[in-house]
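Here's the structure, in structure tokens; my notes come after.
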Amino acid sequence: MNDNNSSRRKFLKLGLAAGATALIGAGGKALSAVSGPEAGGKETGEKVKLLSPDGTLVEVDKGHCHSCPATGKEARQGIPNKKMVMVVDLARCRNARKCLEGCQSMHHLPPKIEWIKFFLLRDSKDTSPYWFPKPCFQCNNPPCVKVCPVGATFKRTDGIVLIDNDRCIGCKFCMAACPYSSRVFNWGNPGQDALPEGKKYSPETSWPQKVGTVGKCDFCPDMVRQGKLPSCVTSCPNGVYFYGDKNEDTVTNGTETVRFSELVQQRAAYRYMEELGTEPGVYYLPPVNRLFDYKVGFQELKPEEIDLYKKEANLSE
Amino acid sequence: MEYNNKTIKNYEDFKPQLESIGRYGYFFITAMVMIIAWGTYALYTQLSKGQVVTGMRDYVIWGIYDANFIFFIGISYAGALISGILHLMRVEWRHPILRMAETITVVSTMIGPSYIFLSMGRLERVWHILVYGRIQSPIVWDVFAISTYLIGSFIFLYLACVRDLAFMRDHPVGVAKWRNSIYKFMSAGYRDTPKQRELLNQLIDLISIVIIPLAILVHSVLAWIFGMTLRPGWHSTIFAPYFVLAAIYSGTGVLIIVMFVFRKIYHLEAHITKNHFTYLGILLMILGALYGYFTFSEYLTNWYGSVKWDMEVLYRLFDTSTYWWWFFFSAFIGVLLPIILIAMPRFRSIKTIVFAAMIAVTALWVKRYLIIIPTLETPLLPLHDVRPEFASYSPSWVEWSLTAMGIAIWLLLFFLFSKFLPIIPVVRVNSADERDYFKLRKLAKERILRRMISKTRRDKGPVAGMLILLFLTSALVCRAEDPVHSRLKLEFLNKSGTHLLTAKLTSKKDDQTIPLEGMQVSFFIQGVKDKTLLGKGSTDEAGKATFTLPDKLDVPRNKDGKYLYSASFEGNKEYQSSESSAEIRDVFMKLTFSQKDSAKLINLFAVEINEKGDSVPIEGSTAIFYVPRTFSYLKIGEQPVKGGHADIDFPVTLPGDSVGNLPIIAKFEDNDNYGNSEVSATMAWGKPLPPMVIIKRGLGDTNAPLWMVYTLIVLLSLVWFHFTYAIFTIFRIRHLGKAALQEENASSATK
Ligand code: SF4
Ligand code: SF4
């Protein structure tokens, strides 16, 4: 794992090949989540409307729809036998923010709503600052879930913490409880379209956002059901995010696929503020042997933002 | 019914206030109504536009609404604790101030929670708490606690008013008839028969015993809303007692101010004497000292421990550019000044005591502000936002208006109440008549338990309202530009014997490769002379078109033993045409598993088909082994094939399904001769996946831990048992009253 670059090209090829086979969809058991007529499933004649990630409406037969985002009770349970995890490689991050762009376009969010946040952390005055992209940690002992008065935010068996926008009363208690500032509130109208007629709201898509309710990174369970990676993972140009199923002991950033246990053990992964007992589902690989100088991350920022980052990280120059 | 002279004389003092509102009264009411109207406009603005109109943003998610909430619940302590305790201790001087204290409780408990509603994003969904409520959430504890408390303080106030209501029934006011009928209805037929008197005294004792722990609980629960989070400055074990103490402190302060105001406007100097102020002042001083002690202890501990986040909050409080002056006022002035003013007999006068109380009350509001805002401005991760309104909080006009509205409603309700009933009980009870409350238990045992009716009905939760669904109209943006370059890439795929051709069609846009969807791609094979069309396919969202080759091809292999496949895209208005081809030699692959001693192996056998159609073992090409996973393929090894064989270790440590089934794929990848040829097989040598454990009960789960459920049930039923008993007894008093009335009538008739 340490010589990422040398093995990179090979992995890239693999990624393409793997993608190709995945789409044929006749493959192994693990790929059964892939939708499409080839994937089997009986025709029921009943059609359901699906919203594809780019916002277009497609119609599928219900029998093929084991990849549809779940609604109602099912959405609260989680995808069986999965346990989604993420590993973020801080050594590769240069604050390119492509993940945020991907996230926003996938969830149709306006630019001002940010579910991934970027920090320039510096652990002590003698150490160097590093970029720290932060999605929701999908904590396994989630403080946000504990305090919700109506169960509008809930923890699922697949490790994902979701928000039911139809149920949330907007008390913001979960925001107070989340120690990682992962949640954002729809103070005004988020300007998302209403659901198309006949389509049931699914918390798995986190769409549409509604005024007066909370939103946050949802680990894209609707994508997982289709066997696809979340948009932040695929839009990162540097392969920072590794995503996968802990029950399969495998994570991938789209081009490299590695064993989760080996990755976190060999690279001394840690979870942010483990001492809080929140047991995050997101692991960080320490920013050692970095690919980029932290200053590269300032390139596309506005001056006032650079100043703010510098202030936070105690950088005087 | 007879009233003694003292009572009648008492009443004389109040008669004018009850019968007319007065010029200033009308002026006051108009002013309050105007403020309330303005507040209603602010409320409308917030409800229609959402909470953008407040100063709250993603970091400071709670603002002065919540400070007001704590503040009002805090001052409600005046009635619950002070009057409860004074009553139980049979303090002689308590009578004139009890009703004010209890009214403060009821009015504040009505206003306070409405601020919680204001700070909610979806007011129209409050009923979700009833339907989906989770006992694990401190907010739900709060809902239970505050609603119970509100009802309890209503009962408490009412019981203390019954005698006066009866008096008013017997001495009708001259202005409005409807008022007299209210008095009549509410007096519950109280005629002060010995039996009724006994029951009423008993009840008042009982409810004052119940209301004290209830009040403590309410404020503790309130503190736990903050204490249960992992925030610096909130996550503190002393928060509950600290809140309780601060609440009594401010409650006493408000009581002193209210006493002063009514004394002034209603000229009650004869009833509320300087002694009342002195006694309550001394209580205020003691509470102030205790409050100061808690404050000191809290901040000293934080400072001494100097955990990074605690320190950041402290810096904020001690920094003159942020909150120092506020903090100085609330923690120093607000504690020391009242103590000094009251402790020194030289300074102690009604005016200074009232001044001290005002300082204490204001300081306590500021304190609530300082509990909420600086902590929220200090998240554990840096507060990173260039938008100034996100980085620091300042209340908007909407929030101030609604705060003013709350105060106005509070004042107005209080004023109207003082016009309805004498603000000081006119009918005094002889202390000797009051039963000793320690006898209550015995009484309860003997009489009440038997008669308690337990009948509960469970309501089905309201059916969830249907959302009106709207059409999503998506506009297609058509582009008419010069055709751009397109790229086609053909791949051959042998998937466990099924032969496929896939062609991926892409184009470049802004230096990014984008897949082209919905395009026709034709697949060909090279015959002896020309190429023949095999079939067509259209590309999917990933830009891929797939064609499954028939089992047997009618075309002979070329001299290398290969087939030449090609694919072409004809192009259209937007994209230029493109082509791609691949030369492939057929292979046959087989995957088996073998176990030698403890080693578990995967064996690949692979042969190629030469130009004559014979099988020849593959030599030299590298086979790669994968395990398919949800999103991609995990590589488990690679091995050059020698003499048609390649073996690798089975990945026994890799988790499979519940019995350890692990699909394995062996593959020649992007091979010059074989394209992508693969074979797969499944073997149960992987690590079996333990069955999913679903935890049903826990803080973060759907259902609450059992001990929590039991605690809640026990607490609630204890309190509600007493409330029910109280209501039941009121009806009994009423019943007794009717009997007494009949008797009276009968005796007067015989006379
Ligand atoms: S990071 Fe925050 S929002 Fe996400 S699960 Fe943990 S506590 Fe909840
Ligand atoms: S804001 Fe919504 S999700 Fe968060 S605690 Fe309140 S009801 Fe639950």
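The values are calculated or read from the model by the stated rules, or taken from the named source; none is laboratory data. These numbers were taken from a predicted model, which means no experiment stands behind them. Here the Cβ positions follow ideal geometry from the backbone for every residue, glycine too, while neighbour counts run over all protein chains shown. Ligands, DNA and RNA are excluded from the accessible area calculation, which covers all protein heavy atoms including side chains. Shrake-Rupley method; radii C 1.70, N 1.55, O 1.52, S 1.80 Å.
Taken over the stretch A:194-206, the criterion of being within 8 Å of chain B (Cβ to nearest Cβ), open to solvent by 10 Å² or more (accessible area, probe 1.4 Å), away from ligand 2 (no atom under 16 Å from the Cβ) and touching a residue at least 60 places away in the same chain (Cβ under 8 Å) is satisfied by A:Gly198, A:Lys199.
Which of the following residues is farther than 30 Å from A:Trp207 by Cα and of a type outside the set (Ser, Thr, Tyr): A:Lys246, A:Lys228, A:Lys310? Show your work before the answer.
On the way: A:Lys246 fails: farther than 30 Å from A:Trp207 by Cα; A:Lys228 fails: farther than 30 Å from A:Trp207 by Cα.
Answer to the selection: A:Lys310.
Scanning the stretch B:84-133 for residues being of a type in the set (Asp, Glu) and more than 33 Å from the chain's Cα centre (by Cα) gives a total of 1. For the subset of the stretch A:247-274 comprising residues that are facing chain B (nearest Cβ under 10 Å) and within 16 Å of ligand 1 (Cβ to nearest atom), which member is surrounded by the most Cβ atoms within 10 Å (Cβ to Cβ)? Out of the qualifying residues, it is A:Tyr272.
Among what's in the stretch B:106-138 and is in contact with a Pro (Cβ under 7 Å, 6 or more places away or on another chain) and away from ligand 1 (no atom under 16 Å from the Cβ), pick the residue that is most open to solvent (accessible area, probe 1.4 Å).
Looking only at the stretch B:106-138, we keep the residues that are in contact with a Pro (Cβ under 7 Å, 6 or more places away or on another chain), and these are B:127, B:129, B:131, B:133-134, B:137.
From what is left, the residues that are away from ligand 1 (no atom under 16 Å from the Cβ) are B:127, B:129, B:131, B:133.
Numbers: B:Trp127: 83, B:Ile129: 24, B:Val131: 54, B:Gly133: 35 Å².
Across the stretch B:106-138, the extreme among qualifying residues is B:Trp127.
Residues that are within 7 Å of chain B (Cβ to nearest Cβ) and polar (S, T, N, Q) within the stretch A:157-178 comprise just one, A:Thr157. Tell me yes or no: at least one residue of the stretch A:216-234 is touching a helix residue (DSSP H, G or I) at 6+ places or on another chain (Cβ under 9 Å), open to solvent by less than 20 Å² (accessible area, probe 1.4 Å), of a type outside the set (Asp, Glu) and within 16 Å of ligand 2 (Cβ to nearest atom). Yes: one or more hits.
For the stretch A:235-246, what are the residues that are of a type in the set (A, V, I, L, M, F, W, C) and either more than 23 Å from A:Thr157 (Cα to Cα) or open to solvent by 10 Å² or more (accessible area, probe 1.4 Å) (or both)? Show your work before the answer.
Filtering the stretch A:235-246 down to residues of a type in the set (A, V, I, L, M, F, W, C) leaves A:236, A:240, A:242.
The answer is A:Cys236, A:Val240.
Taken as a whole, the stretch B:551-563 holds no residue that is at pLDDT 85 or above, open to solvent by 20 Å² or more (accessible area, probe 1.4 Å) and not charged (D, E, K, R).
Tell me which residues, restricted to the stretch A:277-295, are outside any loop (DSSP other than H, G, I, E, B) and open to solvent by 40 Å² or more (accessible area, probe 1.4 Å).
Scanning the stretch A:277-295 gives a single hit, A:Lys295.
Candidates are the residues of the stretch B:212-229 that are away from every other protein chain (no Cβ under 13 Å) and of a type outside the set (A, V, I, L, M, F, W, C); the one that is surrounded by the most Cβ atoms within 10 Å (Cβ to Cβ) is B:His219. Only a single criterion out of (1) open to solvent by 30 Å² or more (accessible area, probe 1.4 Å); (2) within 23 Å of B:Leu245 (Cα to Cα); (3) of a type outside the set (Asp, Glu) is not satisfied by B:Ser306, namely (2).
Scanning the stretch B:565-588 for residues that are farther than 16 Å from B:Gly535 by Cβ and in a loop (DSSP other than H, G, I, E, B) yields a count of 7. Of all residues in the stretch B:1-39, how many are open to solvent by 70 Å² or more (accessible area, probe 1.4 Å) and modelled with pLDDT of 90 or more? Residues that pass the stated criteria total 6.
Scoring B:His276 on the criteria (1) at pLDDT below 90; (2) open to solvent by less than 20 Å² (accessible area, probe 1.4 Å) leaves a single failure, condition (1).
Considering only the stretch A:98-109, I want to know if a residue exists there that is at the interface with chain B (Cβ under 7 Å from one of its Cβ atoms) and in contact (Cβ under 8 Å) with a residue 40 or more places away in the chain. Scanning the stretch A:98-109, I find no residue that is at the interface with chain B (Cβ under 7 Å from one of its Cβ atoms) and in contact (Cβ under 8 Å) with a residue 40 or more places away in the chain, so the answer is no.
Based on this model, can you work out whether B:Gly543 counts as more than 30 Å from B:Gly660 (Cβ to Cβ) and in contact with an Asp or Glu (Cβ under 9 Å, 6 or more places away or on another chain)? Don't jump to the end; show me each part of the working.
Numbers: more than 30 Å from B:Gly660 (Cβ to Cβ): yes; in contact with an Asp or Glu (Cβ under 9 Å, 6 or more places away or on another chain): yes.
Taking the combined requirement at face value, the residue satisfies it.
Taking the stretch A:157-167, which residues are free of Cβ contacts under 8 Å to residues at least 60 places away in the same chain, within 13 Å of ligand 1 (Cβ to nearest atom) and open to solvent by less than 10 Å² (accessible area, probe 1.4 Å)? A:Val161, the sole residue that qualifies.
Just for strands (runs of 3 or more DSSP E) wholly inside the stretch B:637-723: which have at least 1 residues that are at pLDDT below 90 and open to solvent by less than 60 Å² (accessible area, probe 1.4 Å)? Spell out how you get there, then give the answer.
Numbers: elements: B:645-649, B:662-671, B:675-683.
Output list reads B:662-671, B:675-683.
The numbered conditions (1) at pLDDT 90 or above; (2) over 25 Å from B:Ser396 (Cβ atoms) are all true for B:Phe69 except (2).
Any idea which residue in the stretch A:140-156 is surrounded by the most Cβ atoms within 10 Å (Cβ to Cβ), counting only those that are at the interface with chain B (Cβ under 7 Å from one of its Cβ atoms) and outside any helix (DSSP H, G or I)?
Out of the qualifying residues, it is A:Cys148.
For the stretch A:171-181: of the residues being crowded, with 23+ Cβ neighbours inside 10 Å and in a loop (DSSP other than H, G, I, E, B), which is farthest from ligand 1 (Cβ to nearest atom)? My answer is A:Cys171.
When the stretch A:179-193 is examined, which residues are found to be within 7 Å of chain B (Cβ to nearest Cβ) and in contact with a His (Cβ under 9 Å, 6 or more places away or on another chain)?
Start the filter on the stretch A:179-193 by keeping residues that are within 7 Å of chain B (Cβ to nearest Cβ), which leaves A:179-181, A:184-185, A:187-189, A:193.
Those that are within 7 Å of chain B (Cβ to nearest Cβ) and in contact with a His (Cβ under 9 Å, 6 or more places away or on another chain): A:Ser181, A:Asp193.
You will find that of B:Ala80, B:Ala145, B:Ala101, the residue that is within 14 Å of chain A (Cβ to nearest Cβ) and either touching a residue at least 12 places away in the same chain (Cβ under 8 Å) or open to solvent by less than 10 Å² (accessible area, probe 1.4 Å) (or both) is B:Ala145 and no other.
Within the stretch B:612-636, the only residue that satisfies the criterion of being within 14 Å of chain A (Cβ to nearest Cβ), without any contact (Cβ under 8 Å) to a residue 40 or more places away in the chain and open to solvent by 50 Å² or more (accessible area, probe 1.4 Å) is B:Lys635. Here is the figure for the stretch B:129-146: residues that are farther than 20 Å from A:Ala176 by Cα and within 14 Å of ligand 2 (Cβ to nearest atom) total 3.
Taking the conditions exactly as written (surrounded by fewer than 17 Cβ atoms within 10 Å (Cβ to Cβ) and closer than 30 Å to A:Cys178 by Cβ), does B:Ala391 satisfy them or not?
Working: surrounded by fewer than 17 Cβ atoms within 10 Å (Cβ to Cβ): yes; closer than 30 Å to A:Cys178 by Cβ: yes.
So B:Ala391 fits the description; yes.
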